[in-house]
Amino acid sequence: MANPRIVSAVATGETPIPDIFHVSLHHKIYFPLHWWSDKILRQAFDFPHSIPTTTITAVQTSSLIAPPSVIVVNVAKALKELGEEDAAQLTPGLWRQSARNLLNSFKLLCPPLDPANPSGPKYTHASEFEKHVLFFANLDCFEESMSIWSPVERKLRYELFRDGIFDHRLWEQRIGIAQSTHDYIRSLGMTPSSLPPATPASSPSKRVLHDDQNPSATKQPRRTRGDEPRGALPATREGSVARGLICAGPHMAQDHSSTKATFQDGTDHFSRLLVETRDIRTIKPFRGQGSKSLCIGFNINKSCTVAHDADRVHACSLCGGDHPALARHPMCRRVRDGVIIP
């Protein structure tokens, strides 16, 4: 026995993680977060035949030796039984439990960081995901506002999976934007669930993917390896109000064409999207030397209370004026590419 324990009627002990989960994670096969819950891990450990598997070829590490084949979880089949990740069904307790187990698996796979060894790794998935988990678990709104922070957490989690580095300032900014967007929707007398789902510009005829653990629900497009689409952030209903921040068009800023830099009247765009950081930034120097990042919360809800540094300013992303982009200000009425939604 690797971890002998006394069987108790009141204590469950440490939840064992099946080896196939570790192997799948090692090969960058990422599951919906609730698959790391104690209940599913125990099921997979006690009844390994209940988890569908598939064989993949490992990453090529040598030109002289053929990479071996490894057995991993067949995510496409497991989705039918275990379901997609659904923020509406995740509770704060279930999120904390699942995140802890996923972190334990990362810690087993990743080498420990040694500050005394300058040639050793400075970042690992374990070190960055641990900071991520601690950040969200310590939010003031962790218990009562999970519907607000959960979509943000999921996006940033997959950024870490793509070798991103935890940035406390950026994480705080994303939470601030989510809270501001939520408050703005409420100020209009609406709720996030009453907004129409955002449709990706690249596939307007397809239904937007909304995760659902109910296997009998409407069939949705499926990710083949449990990962988010590469190079794109999943759309959210809250995000649908942030359209038109660069050109006033009917699309979100992240879907703005990188080749389009002028309005229909020939005037140059004032801002652009930095794909690497998902920042909206002025194209030319603004309010001093260098370009500036524009506060998205200010541009969509008019009442951002976040304290920014000198590099992030409250200014209209369409013209640079002291008003939000969605305020229909007279200075922005020359824009004719689309309609700024209220």
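Applying the criteria of a DSSP loop state and at most 10 other Cβ atoms within 10 Å to the GluC sites (Glu not before Pro) of region 91-180 yields Glu143, Glu144.
Structure note, pairs Lys122/Lys284; Lys155/Lys260; Lys131/Lys292; Lys39/Lys107: Cα-Cα distances above 31 angstrom occur for Lys122/Lys284. Counting only Cβ charges, +1 for Lys and Arg and -1 for Asp and Glu, the dipole size of region 7-146 around its Cα centre is about 380 debye.
Within the accessible surface of region 1-75, defined with a 1.4 Å probe on protein heavy atoms only, the carbon and sulfur portion equals 60 percent. With Cα atoms defining each centre, region 2-43 and region 99-163 are spaced 18 Å apart in the structure.
Given region 1-140, report the % of alpha carbon pairs whose separation exceeds 27 Å.
Details: 3039 of 9730 pairs.
Value for region 1-140 (Cα pairs over 27 Å): 31 percent.
For the pair Glu172 and Ile56, label points projected 7 Å from Cα toward Cβ lie 3.7 nm apart. Placing dummy labels 7 Å off each Cα toward the beta-carbon, the span from Lys39 to Lys77 is 2.3 nm.
Calculated accessible area for region 17-168 comes out at 51 Å² per residue, all protein chains present (probe 1.4 Å; ligands, DNA, RNA ignored). Taking amide hydrogens as placed 1.01 Å from N in the peptide plane, the amide H of Asp279 sits under 5 Å from those of Leu274, each at least 5 positions away in sequence or on another chain.
Within the full protein context, the accessible area of Trp95 is estimated at about 0 Å² for a probe radius of 1.4 Å.
The values are calculated or read from the model by the stated rules, or taken from the named source; none is laboratory data. In this text the structure is predicted, and so the values were computed from the model without any measurement. Heads up, the Cβs are rebuilt from the backbone with ideal geometry, glycines too, and the neighbour counts pull from every protein chain shown. What goes into the accessible areas is simple: the full protein's heavy atoms, side chains included, and nothing from ligands, DNA or RNA. Shrake-Rupley method; radii C 1.70, N 1.55, O 1.52, S 1.80 Å.
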